[in-house]
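First the structure, in the form of structure tokens, and then the observations on it.
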Amino acid sequence: MREPHQYPEIYCDLNARMTERGYSVERRGSVDDLAKLGLTLAGAVGMRFTFVQDDGDEHGNPDDIMFNGIVIHDPKWGYLAYADEDGVYWRSQVAKHQDSA
């Protein structure tokens, strides 16, 4: 199991891979999620997020694919979600912590 991260979740289309670890965030879902946080693409550069795309397990149950990283601006490819070296994982792999209240 992976420990959950405190980073905000931002949509990322993993089919929009531009570099080995970079995925375009110049997509409606990404821009909309950043706007909900009061951010533009330019304003998000250097900030950490958990990037998420809808996915499902082998039984058709929702199980988002995710990765942690930062937003960068690449002179050739534009604004990218740049993935951390530990790569992608699925929501079902994240430990669920319960409040002790």
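The values are calculated or read from the model by the stated rules, or taken from the named source; none is laboratory data. Bear in mind the structure is a predicted one, so any value in this text is a computation, not a measurement. When we count neighbours, we look across all protein chains shown, and the Cβ atoms used for this are built from the backbone with ideal geometry, even at glycine.
Would region 33-47 turn up any residue that is under 21 Å from MET18 (Cα atoms) and basic (Lys, Arg)?
no
Filter region 17-28 down to residues that are touching a helix residue (DSSP H, G or I) at 6+ places or on another chain (Cβ under 9 Å) and outside any strand (DSSP E or B) and give me whichever is surrounded by the most Cβ atoms within 10 Å (Cβ to Cβ).
VAL25
Within the set of pairs 6 or more residues apart or between chains, which connect a residue that is within 13 Å of PHE51 (Cα to Cα) inside region 12-37 to a residue that is of a type in the set (S, T, N, Q) and in a loop (DSSP other than H, G, I, E, B) with Cβ atoms less than 9 Å apart?
Note: pairs meeting the criteria are TYR23/ASN15; VAL31/THR40; LEU34/THR40.
Could you list, in sequence order, the residues of region 38-56 that are surrounded by fewer than 18 Cβ atoms within 10 Å (Cβ to Cβ) and either in contact with a helix residue (DSSP H, G or I) (Cβ under 7 Å, 6 or more places away or on another chain) or modelled with pLDDT of 95 or more (or both)?
GLY38, THR40, LEU41, ALA42, GLY43, VAL45, GLY46, MET47, ARG48
Taking into account only those residues within region 58-84 that are part of a loop (DSSP other than H, G, I, E, B) and modelled with pLDDT under 95, which is farthest from the chain's Cα centre (by Cα)?
HIS59
I need a count of the residues in region 34-57 that are over 14 Å from the mean Cα position of the chain (by Cα), farther than 27 Å from SER92 by Cα, part of a loop (DSSP other than H, G, I, E, B) and not polar (S, T, N, Q).
Selection size over region 34-57: 2.
Enumerate the pairs (first residue in region 54-73 and of a type in the set (S, T, N, Q); second residue anywhere and surrounded by 13 or more Cβ atoms within 10 Å (Cβ to Cβ) and assigned to a strand (DSSP E or B)) with beta-carbon separation below 6 Å, excluding pairs fewer than 6 apart on the same chain, so at least 6 apart or on different chains.
Matching pairs, first to second residue: ASN68/THR50.
Output the residue which, of all residues in region 1-16 that are of a type in the set (Asp, Glu) and either in a loop (DSSP other than H, G, I, E, B) or at pLDDT below 95 (or both), is nearest to GLN93 (Cα to Cα).
By that ranking, first place goes to GLU3.
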